[in-house]
1. Got a number for residues in the range C:141-155 being more than 7 Å from chain A (Cβ to nearest Cβ), touching a residue at least 12 places away in the same chain (Cβ under 8 Å) and surrounded by fewer than 24 Cβ atoms within 10 Å (Cβ to Cβ)?
2. Among the candidates B:172, B:108, B:119, single out the residue that is of a type in the set (Gly, Ala, Ser), buried (at least 24 other Cβ atoms within 10 Å of the Cβ) and assigned to a loop (DSSP other than H, G, I, E, B).
3. Please determine whether any residue of the range A:273-285 is in a helix (DSSP H, G or I), over 18 Å from residue A:231 (Cβ atoms) and either touching a residue at least 40 places away in the same chain (Cβ under 8 Å) or in contact with a Phe, Trp or Tyr (Cβ under 6 Å, 6 or more places away or on another chain) (or both).
4. Criterion first (outside any helix (DSSP H, G or I) and modelled with pLDDT of 90 or more) does residue C:264 satisfy it?
5. Out of the residues in the range B:122-136 that are within 11 Å of another protein chain (Cβ to nearest Cβ), more than 24 Å from the chain's Cα centre (by Cα) and assigned to a helix (DSSP H, G or I), state the one that is surrounded by the fewest Cβ atoms within 10 Å (Cβ to Cβ).
6. Looking at the range A:158-251, what helices (runs of 4 or more DSSP H) fall wholly within it and have at least 2 residues that are under 30 Å from residue C:131 (Cβ atoms), at pLDDT 80 or above and within 12 Å of chain B (Cβ to nearest Cβ)?
7. Hey, could you check the range C:236-253 for residues that are in contact (Cβ under 8 Å) with a residue 40 or more places away in the chain and surrounded by fewer than 22 Cβ atoms within 10 Å (Cβ to Cβ) and say which is nearest to the other protein chains (Cβ to nearest Cβ)?
8. Restricting attention to the range B:201-216, does a residue exist that is at the interface with chain A (Cβ under 10 Å from one of its Cβ atoms) and more than 24 Å from residue B:312 (Cβ to Cβ)?
Amino acid sequence: MTSAGPTQQVLGRVPLRIGPLSGVWRPRPALVALGGLVVLLVGSVASLGRGEYPLGAGAVLRVLAGDGNRGAQFIVLELRLPRMVTGALVGAALAVAGGLTQTVVRNPLASPDILGITTGAGAAAVAVIVLGGSQGMITGRLAEVGTPAAALVGGLLAAAVIYLLAWRRGIQGYRFVLIGVAVHAVALGAISWLLVLGDVTDAGRALVWLNGSLNGRGWEHAVPVGLAAAVLVPAALLLTFALGALQFSDDTARGLGVRVNAVRSGLLLIAVGLAAVATASAGPIAFVALVTPQIAMRLARAARPPLVASAVLGAALVVLADLIARSAFGPTELPVGIVTAVLGAPYLLFLIARGQREMRV
Amino acid sequence: MDEVSRPPPVPAGVQARSGPARTRRRRLLTVAGLLAGLGLCGLLSLAVGAKAIPPEGVWHALVAPTGSEDDVVVRSLRLPRTVLGVLAGLALGVAGALMQAHTRNPLAEPGLLGVNAGAAFAVVLATYGLGVHTLLGYVWFAFAGALLASVAVFALGSVAGGRGDPTPVTLALAGTAMTFLLLGLTNAVVLLDQQTLEAYRFWSLGALSGRDPEIIGQVVWFVVAGAVLALAGAAGLNALALGEDVARALGQQVWRTRVLGLAATTLLAGAAVAACGPIAFLGLVVPHLARALTGPDHRWLLPCSGLLGAGVLLVADVVGRVVAPPGELAAGIVLAFVGAPFFVMLVRRHRLAAL
Amino acid sequence: MPPSRPLVVAMIALLVLLGVPLLGACGAAGTDRDGAGSTPDDTTRVIHHATGDTTITGRPQRVVVLDTGELDSVLALGVTPVAAVRADATSGLPSYLAGRASDVAVAGTIGEPDLEAIAALQPDLILSNKVRHEDLYDRLSGIAPTVFAEKVGVAWQENFRLAAEALGQQAKAQRILAEYADKAKRTGQAFGDPAALQVSMVRFLPGSIRLYGQGSFIGTILADAGFARPPAQRVDKTFVEVSPEQLGQANGDLLFYAAYGSTGKAEQDQLTAGPLWQRLSAVSGGRAHEVSDDLWYVGIGPIAADLVLDDLQWYAGT
């Protein structure tokens, strides 16, 4: 990583040692994370205030402190707050999942989206929406499952299939990606097919879910993502140290004493868990997993996606995108994933066009 | 060409075993075999469908039609979709091989240039804003959308590439970002207007059925032009496969090869998506199969990918006609369901030729 | 260490994006709520429905409906809801109901109901179904008592009774359904012996031909009128899809067809001009009629059913 280009020579590097772990303290990723946090906080207050029933920043804070009339309390605490929290958690989880996948697979195009995990979740959710919808093709127990559970099962199932098919005396990033692409294609085919099976209203509802939507999300959606993030993100951070070695070839990494297969599998598992739980809650919000790590990496001028900064930027991106999605188009609400795509893609294009540095992941 | 040593690891089983003459004969045989196979697929496509028509009925319809119901089915439904299938399959096969060569990425497919997303957005805009409602009417919009998107991706990839060349990675990133952007916009429109969603959800399946025969006349010249351009750039691609610096040292004009190849890809993939809607998996898988047959020499790989693509698309379409009676399954869906497991098998069996 | 330009640009962009909505937030808008109207009785009853039991007191006056079938049902009972949802952002409510529902506020779309708008209207009853909004049930019941039907379309009579129970208007619903059953029977008899007539229902979508089965809204009306159906359409499914090669299966003694939207209309024009359609005996015999898609295929509920029967009676006379 020391060959990472001239920009890094500017940075003062402070060695850091905690118990058996040692690393280099880089101020820039922390700065990016801090900046992202400020944006996230301001965005959150704005998000709690904006809507059909607008409240100023002061009124929002009063409601949060327990004041305010019953109507304002209901709208802020029951509708907007759980929705906002779900969005922030989902954004963070997706961004970390994307950063991990890109680092392990060593391909900036790799993300849970492309690897078929979120697509698998999408196919299962759309199946429940369309087949359990007005056609009533599935009934009884199967229809009772509900979209979040189906999405979770679909996502994990896709991941398991990819992992099993890609395993041949170890996990090789390249084969993992190719199998993932195949599973992605199958799931995508299934989605297209399911979308034309039902009536157009069901197709529309499915498309809303597929784009990633936070409409009507409550605490029951926020809690699972929160729990998953609380367990998996620290685990990912612990493995980050080993992750650095994966930048090199497998042999070099082994030479550095990293148990390549174990670390790689562990990190992918964490990524899958985060992506699957996040997708189950809010649908596959486009682009967050793919691009947030890239943006964080460029802002932090790091050689690989900085995880904490990615998480914070992911959360801020989704919260702000949702604010726009539900308030910028009058009475019409768009799924948040459309906004993340339309906001984030030009930014990535801008970064690419600047060509500030060659992609390194 | 395949004697040129490639960076390790050398892919097993696809390298030449002996002298150039023998390799050449084997490749000619491969092409002949693929042509015969395509002919067979064409016959199959005329003979098999949702409605059972005996072979003599098909023959009757082709040589001496009297306007019976069977004659109408064969001549006005099956014949056009067969021709269209050959054109689109050929286009996607060649375009896929080109894309993988230019990006040096085995995951690359024509959609990576933003072709499909550009076409989709143009079709949706034409439906929503301009009141275009027929597949025939979509063709020009889809083609223009595909063209604009890929030119934008190419330009961005070039700007980012530093030396004025689009590097594989910047191209792939620009394509992905553009695809996300265009799909986001497309989804925004179809979610605002249910009638547009209705048109879009069927268009985006990728199918050969229900196409006006006139569409063939509209896209055939683009496919021909694209194929000619692709073959013209094939030798340059071989040099490029060794890396841009080596190619330059060999006297190749890298930029010229890139422009040629990407123009060909755009023409081919644009024509395919305009005619049939997005058919995603074909351009990804077929070049891998073709490479296993011919090796990495693009002068052989490109035509073989084309022939193989046409055959595979026809078979997928035929399967789709009989698998869900009395309805049909779109060829694009069949390809995903059948092609993907096949692809997985391939990935597990060989180490696919590294690009 | 100077901050990099992308960092600055990103922060500024985000702050600008933030500032716009914040400025808008300053103009506070209260919700105007007029008198709740008279509450005729205070009886409390428990409605058993698809997602649980809901307690309702009296006759709800401020009703929000979140699907077209529910909108049709409450309008049939003479209740004008305070809000309904549209199919999408660009179209209005179903055209056949537009005249009766001109005062109804729009609270989002079927796919994404605007929960804040609904809460701001302070409704006393929300009607929808499990098919469309199961995920939102908890959120909706936090706003007002919510009653969900199990299915859509084929179960329209059951759903109508459920809506009537929630509104405290069971007797009126009973009367409307009895009138409907009677009218359906008379309509069938206007064609002579309806059981001897195979009625085929065809719908054109962009890239798809659908034959509607007995498990659809229109299928129940044809059954109530006593009509027979062609073999391919004697299924409990809402519809079966047929290949253009199998257009022959669309034949019947009497054929009604419609197209969804302009793109479906283009598909219909192309196929109905083709030789396979012209060959159908219903078409060559002049017994194929184009009908309103909004009413026959999109519409669900007692009002739509009544209007379809009016159409059918008209065709009996021709």
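1. Number of matching residues: 6.
2. On inspection, the qualifying residue turns out to be B:108.
3. Here is the first cut: in the range A:273-285, the residues in a helix (DSSP H, G or I) are A:273-282.
Narrowing the set further to residues that are over 18 Å from residue A:231 (Cβ atoms) leaves A:282.
Then drop every residue that is not either touching a residue at least 40 places away in the same chain (Cβ under 8 Å) or in contact with a Phe, Trp or Tyr (Cβ under 6 Å, 6 or more places away or on another chain) (or both), which leaves A:282.
Yes: one or more hits.
4. no
5. B:128
6. Correct list: A:173-197, A:200-211.
7. By that ranking, first place goes to C:251.
8. Yes, that holds for at least one residue.
The values are calculated or read from the model by the stated rules, or taken from the named source; none is laboratory data. Computed from a prediction, not measured in an experiment: that's the story for all the values here. Cβ atoms come from the backbone with ideal geometry, glycine included; neighbour counts cover every protein chain shown.
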